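Have a look at the structure below before the remarks.
Nothing in this text is a laboratory measurement; each read-out follows from the coordinates by a stated rule. The structure displayed is predicted, hence computed values, not measured ones. Methodologically, a virtual Cβ is constructed for each residue, glycine included, from the backbone with ideal geometry; neighbour enumeration extends over all protein chains shown.
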Amino acid sequence: MLHSVLDLKNLKQMIKAADLSFDDLRPFTIVGFNGLYVLRKTKAMKISHWLRLNHLLANLGYCAVFVAELERLQFLSSNLDLAQEFFQEFELDLAASEQVLHSGIFAAAPPPAAPAPAFGQEILLRQKLKQALENLHLHSTVSEPTGYATAMQFLAGESCVLTTEAFEQAALKLDQLESIELVDALDNLRQRHKVPTVSDYEQAARQLDLEAWLEVRQDPAIETRIEQDYAEAEQVAATRAQEFVDQVQYLLLVPVATTEMVPGFFHLGGVNDMPAAHVHMAFLRRWKKTNKARLLGVGPDALYVHLEKPALTDEKARHLAIEHFRYCPDNVMQSMGTISRLADEIKGCDLWQFWWE
């Protein structure tokens, strides 16, 4: 599925067949990733050109996504480092967390020699939470469980106050997410100390229980917040897909057959609460079926998705807004302020934007 060597003559023919004038087609090096090419985009390029190009490139096992800053893409090499750490160098696994949980009590335990690798969660936040929970008693019932985004907001140092019960609920959410994300396809690789390939991530995306993942990441307090109860947030105007295409300068040609596989190629995710690569792939597969979605643009901490079938009703837009919020809480917490405003942005818009701070 991956190609380290590509016939440039064939690649240039495919680009010409997509009715694109081009120059400056060249190999592009990101540490640890081979087979990439970068193409300077023309100002006259349209979404229709990009769609046609991807249709043709699939015959070569390639796809094209837009990038704005080539320099920042070098940070993607850190994703490979994280994947190698988790799958090759692990000392502690999920079972290790059971050592500090017995009979419903967080017991004091000797600190590990090294931080336990986190999968799909930001390592420092997880460690901060677990350290804070040492010696706290777990209660069997909590009347108002703390939502995922609220817990992450607290751990990130935002002005947010959590009770002891909320701390405990947050710890359970992190453990639940880790258990859901570590599907058999990835767990088997981990036991053999092998870093996943794109095909492995694709299999993991199919095994992932996306509904269970979304359920853990819900935050009713934010999802039901009404407009007048929330301080005014800066309104972010909806950005149409062509406007995004006009702004960026390059196309990155990635050696995978379809755009939803790109996160797997780069091991994208696992920092700043950005979901793991196979979670991105599972959502992209889901949205491809429901909205004819394709990954349009990529960065080390952002994704842009183009839709051929945007949500056209209030009901569908709100449903998607809640799904987007659970997938990327910063869409609400750092920009729109409420689910309602996010739904207003989504309705009728052919570009979805995701950014994890």
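Taking 22 Å as the straight-line reach from the Cα of LYS173, the lysines in range (excluding those fewer than 8 positions away in the same chain) are LYS128, LYS130. Annotation: extensible slack from ARG52 through LEU70 equals 4.1 nm (criterion: 0.36 nm per residue apart, minus Cα-Cα distance).
Of all lysines in the structure, the ones whose alpha carbon falls short of 16 Å from that of LYS46, not counting any fewer than 8 places away in one chain, are LYS16. Between THR29 and LYS12, the simple label model (points 7 Å from Cα in the Cβ direction) yields a spacing of 2.2 nm. With 18 Å as the limit, the listed pairs LYS41/LYS347; LYS316/LYS347; LYS43/LYS288; LYS194/LYS288; LYS289/LYS309; LYS43/LYS309 have LYS41/LYS347; LYS43/LYS288; LYS194/LYS288; LYS43/LYS309 beyond it between alpha carbons. Note on LYS289 and GLU308: their simple-model spin labels are 1.7 nm apart, each label 7 Å out from Cα toward Cβ. Subtracting the Cα-Cα distance of SER77 and SER179 from 0.36 nm times their residue separation leaves 34.1 nm of extension gain.
What the Cβ-Cβ distance of VAL216 and GLN249 gives, at R0 = 41 Å and to the nearest 0.05, is a FRET efficiency of 0.60.
With a Förster radius of 30 Å, plug the Cβ-Cβ distance of LYS43 and TRP355 into 1/(1 + (r/R0)^6) and report the FRET value to the nearest 0.05. Present the calculation step by step, with values, prior to reporting the outcome.
On the way: r = 25 Å, r/R0 = 0.83.
Efficiency for this residue pair is about 0.75.
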